[in-house]
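The values are calculated or read from the model by the stated rules, or taken from the named source; none is laboratory data. Small disclaimer: the values here were computed from a predicted structure and weren't measured. Please note: Cβ atoms are built from the backbone with ideal geometry, for glycine as well, and neighbour counts cover all protein chains shown. To get the accessible areas, we keep the full protein, side chains included, count just its heavy atoms, and leave off ligands, DNA and RNA. Shrake-Rupley method; radii C 1.70, N 1.55, O 1.52, S 1.80 Å.
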Amino acid sequence: AQFTHTAPVYAKSSDGLTVKDEVTGLTWQKGYDTEYYYWASIQTVVDNLNNQKYGGYNDWRVPTIKELYSLWNMSTGWPYINTEYFTITYST
């Protein structure tokens, strides 16, 4: 999504839980879990999202590194993600 002349375009869901990237077609959670997970246990988190049909979806999965990089916006500065669409909280 970081191609020349391709600006990120996001759409918030009506329930406020997800954000759709209109460039890549991917849907992301608006917020994030502050827990740390190991690769061996992350599928349980994904299964829980799917079982509760989080945001109206039941096909959640762990994104690839390339998909994660599609959210990165170097032009915004820290935190390098559009905080108008994604909820990012920091602790001291």
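Points worth noting:
- Karplus 3J(HN,Hα) series, Hz, for segment 8-18 with 6.51 cos²θ - 1.76 cosθ + 1.60 (x for Gly, Pro): x, 10, 10, 9, 7, 6, 5, 8, x, 8, 10
- Among the protein heavy atoms, those of Ser75 account for about 100 Å² of accessible surface (1.4 Å probe, every chain in place).
- Three-way shape label, segment 40-92, alpha-carbon gyration tensor, a/c 1.5: prolate
- Burial ranking of peptide ranges 26-32, 44-50 (average Cβ count within 10 Å, highest at the top): 26-32, 44-50
- Among the GluC sites (Glu not before Pro) found in the chain, those both in a DSSP coil and sparsely packed, with 14 or fewer other Cβ atoms within 10 Å of their Cβ, are Glu22, Glu35, Glu84.
- Helix-derived mean residue ellipticity, 222 nm - over the chain, DSSP H n ≥ 4, -39500 (n - 2.57), to 500: -5500 deg cm²/dmol
- Reciprocal of mean inverse Cα separation for the chain (Kirkwood radius, Å): 14.4
- For the chain, carbon and sulfur atoms together expose 54% of the accessible surface, with a 1.4 angstrom probe and every protein chain in place.
- Taking segment 7-25 and a reference point 7 angstrom along Cα→Cβ of Ser75, the backbone N atoms nearer than 12 Å belong to 7-9.
- Tensor-based shape of segment 18-71 (alpha-carbon gyration tensor, a/c under 1.5 rounded, otherwise prolate or oblate): oblate
- Placing Thr24, Thr89 in order of accessible area, with the largest value first and a 1.4 Å probe, yields Thr89, Thr24.
- Taking amide hydrogens as placed 1.01 Å from N in the peptide plane, the amide H of Thr18 sits under 5 Å from those of Ser13, Lys30, each at least 5 positions away in sequence or on another chain.
- Accessible surface, the chain, averaged per residue in Å² (probe 1.4 Å): 76
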